[in-house]
Amino acid sequence: MNDKQRLLALAVVLAAAVAPRLTAADTVHAAVAANFTGAANEIGSAFAAATGHEVMYSFGATGQLYAQITQGAPFDVFLAADRERPGQAEREGYAVPGSRFTYATGAIVLYSADPALVSGADTLRRADFTRLAIANPATAPYGHAAIEALKALGVYEALAGRIVQGNNIAQVYQFVATGNAELGFVAQAQVAIRDGGSRWPVPSGLYPAIAQDAVLLNSARGNEAARAFLDFLRGDAAREIKSRYGYGPGN
Amino acid sequence: MLDFTGIWSAVRLTLELATVTTIVLLVIGTPVAWWLARSKARFKEVVATVVALPLVLPPTVLGFYLLLALGPEGPGGAIASLFGGRSLAFTFEGLVIGSVIYSMPFVVQPIRNAFQAIGDGPMEIAATLRASPLDAFWSVAVPLARPGFLTGAVLGFAHTIGEFGVVLMIGGNIPGETRVLSVAIYDYVETLQWTHAHVLAGGMLAFAFIVILAVLLIEKRIGRSTP
């Protein structure tokens, strides 16, 4: 190899190293609450098809994601499972003021892999089970909603000893699907597109509405792709996907 | 305000789990280590590999398989049904099973090494003195391998204390039952209760330092005592 060839080789290597970074300008990094996983993936595909931008998701419990954002996690947008954390992000200077909006309202479902177990509120009153799975109420709004529903039905005290906590709503579904817990409060979005098992959509009057807010994070202030993604999230194509997963419209 | 009951409950549970796990591991790990050290069987290293697997596997792999194995469709569910339960997940017993598998290599390997270091000599001498194999094992092999037992017990105990991924996947975060230290720290960090997280995390840091230092000192003493 002479010097010229060596230089050329170096240029090729450098180009290969830099190329993904250049395209990365069009990649939106989104921190997304676990309950929105299925809908988010479909919306991501539709967004890519419509705009050519890519979106990369990190799924987790809202509290966990928020803790990461306060520590400078490289996210552009934050799709929480509540309104508190995006509001807090705005107040504490992690998010762009005025960019916050409700992108979906979630619902909880009492769900069991056993087709005969869940019939309604009676299932909770009869208490013919050993383990009831919920998401960690301290970090996951769906867990908090589940606790409120149990209290509204007057069965919380009786069932408290049988509750097992998933780290987020996705883990609750794992616990129930594997039969380790006979039943659990999952997000409607998780079971809306699945058949089988038995389920009871918890009446919305029994728990505070799970309004889910999205917000543009500070590091993405000038990121056109991130703004485009938030616009897309509000649009008709996304609305159709969200309603198929059982989410109410946002604003 | 610091909620010390939550912290204390997690600490006590973790110490209980590590103690029970270490005892179980010494009981079942010793014959395994002895067999691995003395056997001439060809498939010996295959067994040694199986024992060592948790060193390499991510805890999520163990956690996933354990979640299925402990559940109503798996052997764990069958055992649980004998006691009126339906799953060993979300129980202290389930965590012990997970921890035993997870920490096994840390106990078996040092004991096996210690048995191997003894060699055939002392056992043959014991046999010429008409000691039965079992007698020779207890009165010759075990005392000579004592440093290996000590290292194995300390490492097994410490590794169980530090366990996180497996517990997160099969524990269900029940205070006093499956909410161990590492999970409690995770929760405190997530809910931004960082003062609590600092108390526990700082304690773990000091504990880990002491444990590793102790193991190094044990090994140094052995190095000096063997000619």
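I want to confirm something. Restricting to the stretch B:10-35 and keeping residues that are polar (S, T, N, Q) and crowded, with 18+ Cβ neighbours inside 10 Å, which single residue is nearest to residue B:117 (Cα to Cα)? Checking each candidate, the answer is B:30.
From the list B:177, B:219, the one residue that fits, being within 14 Å of chain A (Cβ to nearest Cβ), more than 21 Å from residue A:65 (Cα to Cα), in contact (Cβ under 8 Å) with a residue 12 or more places away in the chain and of a type in the set (D, E, K, R), is B:177. There is at least one residue in the stretch B:95-118 that is more than 24 Å from residue B:158 (Cβ to Cβ) and modelled with pLDDT under 95. Taking the conditions exactly as written (surrounded by 16 or more Cβ atoms within 10 Å (Cβ to Cβ) and either in contact (Cβ under 8 Å) with a residue 40 or more places away in the chain or basic (Lys, Arg) (or both)), does residue A:155 satisfy them or not? No; evaluated as a whole, the condition is false for this residue. The C-beta contact set for the stretch A:163-184 (first residue free of Cβ contacts under 8 Å to residues at least 60 places away in the same chain, second residue of a type in the set (Val, Ile, Thr) and in a helix (DSSP H, G or I), distance under 7 angstrom, 6+ apart or interchain) comprises A:166/A:172. For the stretch B:70-114, enumerate the residues that are among the aliphatic types (A, V, I, L, M) and closer than 30 Å to residue B:148 by Cβ. Passing the criteria: B:95, B:96, B:97, B:100, B:101, B:104, B:107, B:108, B:111, B:114. Restricting the first member to the stretch A:44-73 and to residues that are within 13 Å of chain B (Cβ to nearest Cβ) and touching a residue at least 12 places away in the same chain (Cβ under 8 Å), and the second to residues that are of a type in the set (Ser, Thr, Tyr) and part of a helix (DSSP H, G or I), the beta-carbon pairs closer than 9 Å and six or more apart or on different chains are A:64/B:186. Can we say residue A:164 is within 10 Å of chain B (Cβ to nearest Cβ) and of a type in the set (A, V, I, L, M, F, W, C)? Yes: the conditions hold for residue A:164. The criterion of at least 1 residues that are within 13 Å of chain A (Cβ to nearest Cβ) and more than 21 Å from the chain's Cα centre (by Cα) is met, among helices (runs of 4 or more DSSP H) falling completely within the stretch B:11-105, by B:59-70, B:75-82. Taking the listed residues B:117, B:127, the one that is outside any loop (DSSP other than H, G, I, E, B), touching a residue at least 60 places away in the same chain (Cβ under 8 Å), surrounded by fewer than 18 Cβ atoms within 10 Å (Cβ to Cβ) and away from chain A (no Cβ under 14 Å) is B:117, with no other qualifying.
Answer yes if at least one residue in the stretch B:62-81 is hydroxyl-bearing (Ser, Thr, Tyr) and over 22 Å from residue B:14 (Cβ atoms), and no otherwise. Yes, because at least one residue in the stretch B:62-81 is hydroxyl-bearing (Ser, Thr, Tyr) and over 22 Å from residue B:14 (Cβ atoms). Restricting attention to the stretch A:108-136 and to residues that are within 21 Å of the chain's Cα centre (by Cα) and away from chain B (no Cβ under 14 Å), the residue that is surrounded by the fewest Cβ atoms within 10 Å (Cβ to Cβ) turns out to be A:109. Residues that are of a type outside the set (D, E, K, R) and either more than 19 Å from residue B:183 (Cβ to Cβ) or in contact with a strand residue (DSSP E or B) (Cβ under 6 Å, 6 or more places away or on another chain) (or both) within the stretch A:179-191 comprise A:179, A:181, A:183, A:184, A:185, A:186, A:187, A:188, A:189, A:190, A:191, listed in sequence order.
Within the stretch A:140-152, the set of residues being buried (at least 24 other Cβ atoms within 10 Å of the Cβ) and either small (Gly, Ala, Ser) or outside any helix (DSSP H, G or I) (or both) comprises A:140, A:143, A:145, A:146, A:149. Listed here are the helices (runs of 4 or more DSSP H) enclosed by the stretch A:1-99 that have at least 3 residues being surrounded by 12 or more Cβ atoms within 10 Å (Cβ to Cβ), within 13 Å of the chain's Cα centre (by Cα) and modelled with pLDDT under 90: A:62-70. Scanning the stretch A:176-220 for residues that are within 14 Å of chain B (Cβ to nearest Cβ), modelled with pLDDT under 95 and in a helix (DSSP H, G or I) yields a total of 1.
The values are calculated or read from the model by the stated rules, or taken from the named source; none is laboratory data. The structure presented is a predicted model; accordingly, all values stated were derived computationally and were not measured. Cβ atoms come from the backbone with ideal geometry, glycine included; neighbour counts cover every protein chain shown.
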